[in-house]
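One structure below.
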Amino acid sequence: MNRISLFSGLAVLGAVAVGAFLMMPMRDTVSETDAFAAPGLDPMTIEEARTEFWRLTPALLLVVYDAFGQTQEDAIYDTLASVTHGDALEYLYLERVGAMAGGGLEEADQTIHEIKLLNTRVSRDGDALAIDASWQVIGTVGHAEHLHVRGNTYSADLLVSPVEGAWRITDFELLEVNRDAAGETFLAPQIN
(Lines give C-alpha, C1' and ligand atoms only; values in the text may rest on other atoms or scores of the structure.)
Protein backbone atom coordinates (compact mmCIF):
# COMPACT_ATOMS: atom_id res chain seq x y z
CA MET A 1 0.00 0.00 0.00
CA ASN A 2 1.45 3.35 -0.89
CA ARG A 3 1.49 6.46 1.26
CA ILE A 4 -1.06 8.33 -0.84
CA SER A 5 -3.65 5.55 -0.39
CA LEU A 6 -2.93 5.39 3.34
CA PHE A 7 -3.30 9.17 3.79
CA SER A 8 -6.45 9.21 1.62
CA GLY A 9 -7.97 6.41 3.72
CA LEU A 10 -7.10 8.20 6.95
CA ALA A 11 -8.53 11.47 5.62
CA VAL A 12 -11.82 9.76 4.70
CA LEU A 13 -11.94 8.03 8.09
CA GLY A 14 -11.28 11.37 9.84
CA ALA A 15 -13.98 13.11 7.82
CA VAL A 16 -16.49 10.37 8.72
CA ALA A 17 -15.57 10.65 12.41
CA VAL A 18 -15.97 14.46 12.38
CA GLY A 19 -19.29 14.15 10.52
CA ALA A 20 -20.57 11.60 13.03
CA PHE A 21 -19.54 13.84 15.93
CA LEU A 22 -21.30 16.84 14.42
CA MET A 23 -24.50 14.85 13.85
CA MET A 24 -24.66 13.64 17.46
CA PRO A 25 -27.26 15.50 19.49
CA MET A 26 -25.59 18.04 21.73
CA ARG A 27 -26.51 17.75 25.38
CA ASP A 28 -26.57 20.87 27.49
CA THR A 29 -24.06 20.78 30.28
CA VAL A 30 -25.63 21.14 33.70
CA SER A 31 -23.64 22.65 36.53
CA GLU A 32 -23.94 21.44 40.10
CA THR A 33 -24.94 25.00 41.02
CA ASP A 34 -27.69 25.39 38.39
CA ALA A 35 -31.16 25.46 39.96
CA PHE A 36 -34.26 24.33 38.09
CA ALA A 37 -37.92 25.21 38.61
CA ALA A 38 -40.45 22.81 40.05
CA PRO A 39 -44.20 23.41 40.40
CA GLY A 40 -44.98 25.14 43.68
CA LEU A 41 -41.39 24.84 44.97
CA ASP A 42 -38.30 27.02 44.99
CA PRO A 43 -35.80 26.18 42.22
CA MET A 44 -33.53 23.25 43.12
CA THR A 45 -30.03 22.16 42.17
CA ILE A 46 -29.44 18.50 41.35
CA GLU A 47 -28.28 17.75 44.89
CA GLU A 48 -31.16 19.69 46.46
CA ALA A 49 -33.62 17.79 44.26
CA ARG A 50 -32.03 14.51 45.33
CA THR A 51 -32.39 15.32 49.02
CA GLU A 52 -35.83 16.91 48.56
CA PHE A 53 -37.23 14.21 46.23
CA TRP A 54 -40.02 13.61 48.74
CA ARG A 55 -41.31 17.11 47.90
CA LEU A 56 -40.32 17.21 44.21
CA THR A 57 -41.91 13.89 43.19
CA PRO A 58 -45.44 14.67 44.50
CA ALA A 59 -45.23 18.20 43.04
CA LEU A 60 -44.57 16.77 39.56
CA LEU A 61 -47.15 13.99 39.93
CA LEU A 62 -49.82 16.46 41.05
CA VAL A 63 -49.51 18.27 37.72
CA VAL A 64 -49.72 14.94 35.87
CA TYR A 65 -52.98 14.22 37.69
CA ASP A 66 -54.16 17.74 36.88
CA ALA A 67 -53.53 16.96 33.19
CA PHE A 68 -55.46 13.72 33.55
CA GLY A 69 -58.39 15.74 34.90
CA GLN A 70 -58.50 17.89 31.74
CA THR A 71 -61.10 17.14 29.09
CA GLN A 72 -59.56 18.72 25.99
CA GLU A 73 -56.61 17.06 24.24
CA ASP A 74 -54.62 20.29 23.86
CA ALA A 75 -55.05 21.10 27.57
CA ILE A 76 -53.98 17.57 28.49
CA TYR A 77 -50.87 17.82 26.32
CA ASP A 78 -49.90 21.33 27.43
CA THR A 79 -50.32 20.50 31.12
CA LEU A 80 -48.31 17.29 30.77
CA ALA A 81 -45.60 19.10 28.78
CA SER A 82 -45.04 21.47 31.71
CA VAL A 83 -43.73 18.59 33.90
CA THR A 84 -42.84 15.78 31.48
CA HIS A 85 -40.63 15.46 28.43
CA GLY A 86 -39.71 12.95 25.74
CA ASP A 87 -40.80 9.35 26.28
CA ALA A 88 -42.69 10.17 29.49
CA LEU A 89 -44.72 12.90 27.78
CA GLU A 90 -45.65 10.59 24.92
CA TYR A 91 -46.52 7.67 27.21
CA LEU A 92 -48.65 9.66 29.65
CA TYR A 93 -50.41 11.65 26.93
CA LEU A 94 -51.33 8.48 25.04
CA GLU A 95 -52.52 6.85 28.28
CA ARG A 96 -54.93 9.71 29.00
CA VAL A 97 -56.17 10.19 25.46
CA GLY A 98 -56.62 6.41 25.16
CA ALA A 99 -58.78 6.43 28.28
CA MET A 100 -60.96 9.08 26.64
CA ALA A 101 -61.34 7.13 23.38
CA GLY A 102 -64.73 5.81 24.43
CA GLY A 103 -66.31 9.21 23.87
CA GLY A 104 -64.31 11.68 25.91
CA LEU A 105 -65.37 13.57 28.97
CA GLU A 106 -67.86 16.35 29.17
CA GLU A 107 -66.44 17.77 32.41
CA ALA A 108 -63.58 17.15 34.80
CA ASP A 109 -64.06 13.82 36.56
CA GLN A 110 -61.50 13.93 39.36
CA THR A 111 -60.19 16.06 42.19
CA ILE A 112 -56.92 15.09 43.86
CA HIS A 113 -56.85 15.71 47.61
CA GLU A 114 -53.47 14.25 48.50
CA ILE A 115 -50.50 12.45 47.03
CA LYS A 116 -48.52 10.60 49.67
CA LEU A 117 -45.16 8.99 48.89
CA LEU A 118 -44.77 5.53 50.34
CA ASN A 119 -41.66 3.36 49.77
CA THR A 120 -39.45 5.46 47.54
CA ARG A 121 -35.75 5.34 46.65
CA VAL A 122 -33.76 7.90 44.71
CA SER A 123 -30.31 7.82 43.16
CA ARG A 124 -28.40 10.10 40.84
CA ASP A 125 -27.98 9.16 37.23
CA GLY A 126 -25.67 11.91 35.97
CA ASP A 127 -27.69 15.12 36.11
CA ALA A 128 -30.94 13.15 36.44
CA LEU A 129 -32.63 11.41 39.37
CA ALA A 130 -33.71 7.78 39.10
CA ILE A 131 -36.70 7.48 41.42
CA ASP A 132 -38.19 4.10 42.29
CA ALA A 133 -41.46 5.42 43.70
CA SER A 134 -44.66 4.17 45.17
CA TRP A 135 -47.38 6.59 46.15
CA GLN A 136 -51.00 6.74 47.19
CA VAL A 137 -53.41 9.13 45.56
CA ILE A 138 -56.50 10.10 47.49
CA GLY A 139 -59.13 11.89 45.49
CA THR A 140 -62.73 12.25 44.50
CA VAL A 141 -63.69 10.60 41.24
CA GLY A 142 -66.91 11.29 39.38
CA HIS A 143 -68.83 8.87 37.23
CA ALA A 144 -72.04 10.01 35.55
CA GLU A 145 -74.06 11.55 38.38
CA HIS A 146 -72.20 10.45 41.51
CA LEU A 147 -68.86 10.97 43.23
CA HIS A 148 -66.80 8.72 45.44
CA VAL A 149 -63.48 8.89 47.25
CA ARG A 150 -60.79 6.63 45.90
CA GLY A 151 -57.37 5.79 47.28
CA ASN A 152 -55.20 4.03 44.70
CA THR A 153 -51.57 3.06 45.16
CA TYR A 154 -49.11 3.18 42.27
CA SER A 155 -45.53 2.04 41.77
CA ALA A 156 -43.36 3.34 38.94
CA ASP A 157 -39.79 3.91 37.93
CA LEU A 158 -39.32 7.59 37.12
CA LEU A 159 -36.41 9.46 35.64
CA VAL A 160 -36.56 13.14 36.61
CA SER A 161 -34.23 15.46 34.69
CA PRO A 162 -33.60 19.16 34.25
CA VAL A 163 -35.06 20.16 30.86
CA GLU A 164 -35.37 23.73 29.59
CA GLY A 165 -34.86 25.23 33.06
CA ALA A 166 -37.30 22.97 34.93
CA TRP A 167 -37.43 19.54 36.56
CA ARG A 168 -39.42 17.16 34.36
CA ILE A 169 -40.27 13.48 34.33
CA THR A 170 -38.35 12.20 31.31
CA ASP A 171 -39.07 8.49 31.68
CA PHE A 172 -42.07 6.81 33.31
CA GLU A 173 -42.53 3.07 33.67
CA LEU A 174 -45.68 2.09 35.56
CA LEU A 175 -44.99 -1.09 37.52
CA GLU A 176 -48.13 -1.66 39.57
CA VAL A 177 -51.56 -0.24 40.31
CA ASN A 178 -53.33 -1.33 43.49
CA ARG A 179 -56.98 -0.35 43.81
CA ASP A 180 -57.63 -2.30 47.04
CA ALA A 181 -58.36 0.94 48.91
CA ALA A 182 -60.78 2.22 46.26
CA GLY A 183 -64.02 3.29 47.89
CA GLU A 184 -62.57 3.40 51.42
CA THR A 185 -63.26 6.49 53.49
CA PHE A 186 -60.23 8.70 54.07
CA LEU A 187 -59.92 11.71 56.33
CA ALA A 188 -59.60 15.00 54.51
CA PRO A 189 -56.03 16.35 54.56
CA GLN A 190 -55.28 19.01 57.18
CA ILE A 191 -55.23 22.53 55.76
CA ASN A 192 -53.05 25.05 57.59
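The values are calculated or read from the model by the stated rules, or taken from the named source; none is laboratory data. This is a predicted model, so every value here is computed, not measured. The accessibility values were calculated without ligands, DNA or RNA, using every heavy atom of the protein model including side chains. Shrake-Rupley method; radii C 1.70, N 1.55, O 1.52, S 1.80 Å.
Some observations on this one:
- Amide H contacts of His113: Ile138, Gly139, Thr140, each under 5 Å away and 5 or more positions distant or on a separate chain (H built 1.01 Å from N in the peptide plane; Pro and chain starts excluded).
- Glu52 accessible area, 1.4 Å probe, all protein chains in place, Å² to nearest 10: 50 Å²
- Listed residues Arg150, Arg179, Arg96 arranged by accessible area, highest first, probe 1.4 Å: Arg179, Arg150, Arg96
- Accessible area, probe 1.4 Å, largest first, for residues Arg168, Arg121: Arg121, Arg168
- Accessible area (Å², 1.4 Å probe, nearest 10) - Thr33: 110 Å²
- Note on exposure: Trp167, Trp54 ranked by accessible area (1.4 Å probe, complete protein assembly) read Trp54, Trp167, with the most exposed listed first.
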